[in-house]
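Below is one structure, written out as structure tokens; comments come after it.
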Amino acid sequence: MKRIIGPIPVPRKPCPGLQGNVPDTDSLCPRRNGNRLDRQGWPLAWDILPGNTADKTAFRALIARLRTRFRIGRVIVVADREMIAAATIALLAEHATAPFDFILGCKLPWDQEVATEVLARPGRFHPVAPKLEVKEVRVGAHRYIVCRNPQEAVRDAAARAAILAHLQTTLQTHGPKAVIGNKGFARFLTVQKGSVTINPAAVERDARLDGKFVLRTNTTLPAAEVARAYKSLWRVERTFREEKSTLDV
């Protein structure tokens, strides 16, 4: 979903579905533009929603319209990590008459099952592309695809090493007060009464994220195809750019 806001001339008038007033022009209530693309990136449908529509509310509306408007035997919905939630998965997969398959990005590092179970599992990554490797992990009935960019993993490790070196130097030189409240340091610290130390377990947890993103899916597609499908979301971003520039939506 993208929020699109047009020029702001005056006078102003009420805009349906929104709080307050907006410009007195046909061009433009603030609005959200929802697109649905096929596997090759060709647009299937557009929807215009009020500009203050929340992401998940807009997502539910688009899924409902997809079910009623198109008579398609099988649908796999691919969406980014902002959409993953128990309610979203139920909306997609547990519908009585038209269940959809899904490929959804996971929220790292806040998804506890991913952080404690999925990323902790050993296993070999299989190359898909020069900057993409994948492995499959199952936790109960949940299927996850762990994706890694080896080059980005090296950069993440180097960045963390630099932060830890700076943190250690700051602690030794200026003492605990110099690091408390620093958001860049906070995730690596253990703060106890009278002392501040680097937390090795936190460092290890952070290292598990190097160069990675994790997908959850209920499909039976090969792991490599799941990863490619998710990476193809760039086509959605391109469509939004075309609508706002070339098509002047």
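No value in this document is a laboratory result; all are computed from the given coordinates. Everything numeric in this text was worked out from a predicted model, so none of it was measured. Glycine gets a Cβ as well: all are built from the backbone with ideal geometry, and neighbour counts include every protein chain shown.
Sort 108-120, 187-199 for me by packing, meaning the mean count of neighbouring Cβ atoms within 10 Å per residue, highest on top. The partial results should precede the final answer.
Details: 108-120: 16.1, 187-199: 12.5.
For the peptides 108-120, 187-199, the packing ranking is 108-120, 187-199.
Of Lys107/Lys135; Lys183/Lys231; Lys177/Lys212; Lys135/Lys183; Lys107/Lys183; Lys107/Lys231, which ones are farther than 22 Å apart at the Cα? Could you put the intermediate results ahead of the total?
Numbers: Lys107/Lys135 18 Å; Lys183/Lys231 30 Å; Lys177/Lys212 33 Å; Lys135/Lys183 32 Å; Lys107/Lys183 19 Å; Lys107/Lys231 16 Å.
Going by Cα-Cα distance, Lys183/Lys231; Lys177/Lys212; Lys135/Lys183 fall outside the 22 Å limit.
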Förster radius 25 Å - calculated FRET efficiency between Ile89 and Phe125 (Cβ-Cβ, nearest 0.05)
0.45
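Below 11 angstrom from the Cβ of Ala207, what's the summed charge of the other residues (Lys, Arg +1; Asp, Glu -1)? Please list the in-between numbers first.
Details: positive: Arg160, Arg205, Arg208, Lys212; negative: Asp156, Glu204, Asp206, Asp210.
Residues near Ala207 contribute 0 overall.
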Long-range amide H contacts for Val78: which residues qualify at under 5 Å (H placed 1.01 Å from N, peptide plane, sequence gap of 5 or more or a different chain)?
Ile103
